Amino acid sequence: MSTATAPTGEKILNFHENVMLAIERAGALTDVPKGLLDQIKVSNVVVKINFPVRTSRGYEVISGWRVQHSHHKLPAKGGIRYSPLGDQEEVEALAALMTFKCAIVDVPFGGAKGAIKIDRRNYTEEELERITRRYTAELIKRNCIGPAIDVPAPDYGTGAKEMAWIADTYAAFHGNDINALGCVTGKPLTQGGIRGRVEATGRGLAFGLTEACRHAEDMAKLGLQPGLAGKSVVVQGFGNVGYHAARYLAEAGCRVIGVIEWDGAIYDPAGIDIVALDEYRKGTRSITGYPHGTWLTDPKAALELECDILVPSALENQITAENAPRIKARIIAEGANGPTTIAAEDILNARGIMVVPDLYLNAGGVTVSYFEWLKNLSHVRFGRMDKRFEATAYDRLLGAIESTTGKRFTAAERLSLAHGADEIDLVNSGLEDTMIGAFQQIRETKLRDPRIKDLRTAAFVGAIQKVATTYLELGVFP
Ligand code: GLU
């Protein structure tokens, strides 16, 4: 382990060590026996692959990993990231987070994660396709992918296109598997994807934060009013998570006053038009030069802007013991995985700042992945069987109301009232219900035990207990 030391002499933990420490701390507050806790902590399977790829520069060795952290439920589930900084410890930490994330939102999967150590900007689309297909073939050879075994998804540096290549490669090797499309989620709609998956993590974050900010007594402790309306927000990262989170938070009435990217930040206390900023970014591939607001050149310092809610949705280890004392937000809403170190969280807790943790708040992605997997296994679009039936039933009801009351509904009223649920309606309703239910469980866990001081510990305690129950019921530890 690469533990560094701070000038003060204290150990600086890396991401993996932070996740393990969070599990240990929470585990100590459960009655789960030590041996079982050890099992819940370790990665069940770690696969490292080195494979050759032909690029315009000649042959290159590419390294990748797939970690299945927990087999207490199968398939294992989690994204694949393309990052030049990828390493085994990072993938193991992320895979572990997936186990607890799935448990929190009652998605019946074990945790997994994969990575390919590349900077995707250095490769053409054709080369990326070759790398993705070869990586998939390597996973197939090792029985590390499949709808019943391990189901990847997008993560940092990957998206629907890569998932389509993965699905196609898997299907080519498994021509007889009618469920082959369920081997990966986050696919394009035309390749077995589901409506609402792209925006699911950001939307889930907004649903989760709405619920977290609903309780007047919790908000009073932060000196805030209940509800999202009027709260000022700074978002770090304008990728898939950050953009959609910012958009839905703005729709919910927040004022997004800061958007931080790797090379600087836009600051506008009057509120940034998120959709306009995205349009600008689509044209120039960057938010730099956006003609509104003030451009701040130091992205790290921008984390310390005065705001109600800070949404780190880029990478891990952004809020550390070094900058935590200067953070001015009252709420940290973790869109990324692992943006706050444990040492930082201790400081934030002591300062009375509420941290809504990653393993709950960004679970919207895997929740909708679960819906996509169910869709693939059932081979039918949600809503296909009942949409018209529902609409007709409502229509008849409106007709009955009209004939008994004499009231006449306008065409517009009829259209909005006699509406059957589409796939996107069902996905969003399932996502909202999941995020609300999971927060209530976490909050209750925290309120039940005075030793639990923060939401992360509460989330881990609940998740560890759920995983342990599965193991115990399986009789693995009789
Ligand atoms: N990569 C996402 C995450 O970290 C989604 C995982 C999935 O959908 O399986 O939660």
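Read the figures in this text as sums done on the coordinates, not as results from a lab. Model, not experiment: these values are computed from the prediction. Here the Cβ positions follow ideal geometry from the backbone for every residue, glycine too, while neighbour counts run over all protein chains shown.
With each pseudo-label sitting 7 Å past Cα toward Cβ, what's the residue 380-residue 403 distance in nm, one decimal?
3.0
What is the fewest-to-most order of 81, 381 by other Cβ atoms lying within 10 Å of their Cβ? Could the numbers behind the result be given before it?
Working: 81 23, 381 15.
Placing the least packed residue first, the sequence is 381, 81.
Given R₀ = 51 Å, FRET efficiency for residue 394-residue 451 by Cβ-Cβ distance, to 0.05?
Values: r = 50 Å, r/R0 = 0.98.
Given R0 = 51 Å and the Cβ-Cβ separation, E is 0.55.
Mind sorting 71, 16, 292 by how few other Cβ atoms lie within 10 Å of their own Cβ, fewest first? Provide the component values of the computation, followed by the final result.
Numbers: 71 16, 16 21, 292 12.
Lowest to highest Cβ neighbour count: 292, 71, 16.
Considering all projection directions equally, how large on average is the shadow of the alpha-carbon convex hull of the chain, in square nanometres? If you can, show how the numbers build up before the last one.
On the way: hull surface 106.9 nm².
Mean projected area for the chain: 26.7 nm², to one decimal.
To the nearest 0.05, how large is the calculated FRET efficiency for residue 440 and residue 54 if R₀ is 41 Å and r is the Cβ-Cβ distance?
Values: r = 53 Å, r/R0 = 1.28.
Using R0 = 41 Å, I get an efficiency of 0.20.
Given a Förster distance of 30 Å, report the FRET efficiency between residue 38 and residue 323 from their Cβ-Cβ distance, rounded to the nearest 0.05.
Working: r = 33 Å, r/R0 = 1.11.
It comes to 0.35.
If you split all Cα-Cα distances of region 138-239 into 10 Å bins from zero, what percentages do you get per bin, shortest first?
For region 138-239, the pair-distance distribution reads 13, 33, 21, 17, 13, 4.
Within the chain, what percent of beta bridges assigned by DSSP are antiparallel, to the nearest 5?
Numbers: 26 of 51 bridges.
Roughly 50 percent of the beta bridges in the chain run antiparallel, per DSSP.
Rounded to a whole number, what is D in µm²/s for region 17-130 from Stokes-Einstein with the Kirkwood radius over alpha-carbon pairs (25 °C, 0.890 mPa s)? Walk me through the intermediate numbers first.
On the way: Rh = 15.3 Å.
The diffusion coefficient I find is 160 µm²/s.
Where does the chain land at 222 nm, in deg cm²/dmol rounded to the nearest 500, when only DSSP H runs of n ≥ 4 count, each adding -39500 (n - 2.57), divided by all residues?
Working: 17 runs with 216 residues, N = 478.
My calculation for the chain gives -14000 deg cm²/dmol from helical runs alone.
Which distance in nm do the two modelled labels at residue 229 and residue 342 give, with both placed 7 Å along the Cα-to-Cβ direction?
Computed distance between label sites residue 229 and residue 342 equals 4.1 nm.
Residues of region 372-391 with amide nitrogen under 14 Å from the 7 Å Cα-to-Cβ point of residue 178?
376-380
What's the extension gain from residue 282 to residue 474 if we count 0.36 nm per residue and subtract their Cα-Cα distance?
So the extension gain works out to 64.1 nm.
Given that compact globular proteins tend to follow 2.2 N^0.38 Å, what is the ratio of the alpha-carbon Rg of region 186-238 to that value? Spell out each step's value before the answer.
On the way: Rg = 15.6 Å, N = 53, 2.2 N^0.38 = 9.9 Å.
Compared with the compact-globule rule of thumb, region 186-238 sits at 1.57.
At what distance in nm do the modelled label points of residue 216 and residue 149 sit from each other, each positioned 7 Å from its Cα along Cα→Cβ?
5.6
For residue 231, which sequence-distant residues (separation of 5 or more, or a different chain) have an amide H within less than 5 Å of its own amide H, given hydrogens modelled in the peptide plane?
255
For a quick check of your reading of the filter: which trypsin sites (Lys or Arg not before Pro) in region 426-478 sit in a DSSP loop and have no more than 14 other Cβ atoms within 10 Å?
Working: sites: 443, 446, 448, 451, 453, 456, 466; in loops: 451, 453.
For trypsin sites (Lys or Arg not before Pro) across region 426-478 that sit outside H, G, I, E and B with at most 14 neighbouring Cβ atoms in 10 Å, the list reads 451, 453.
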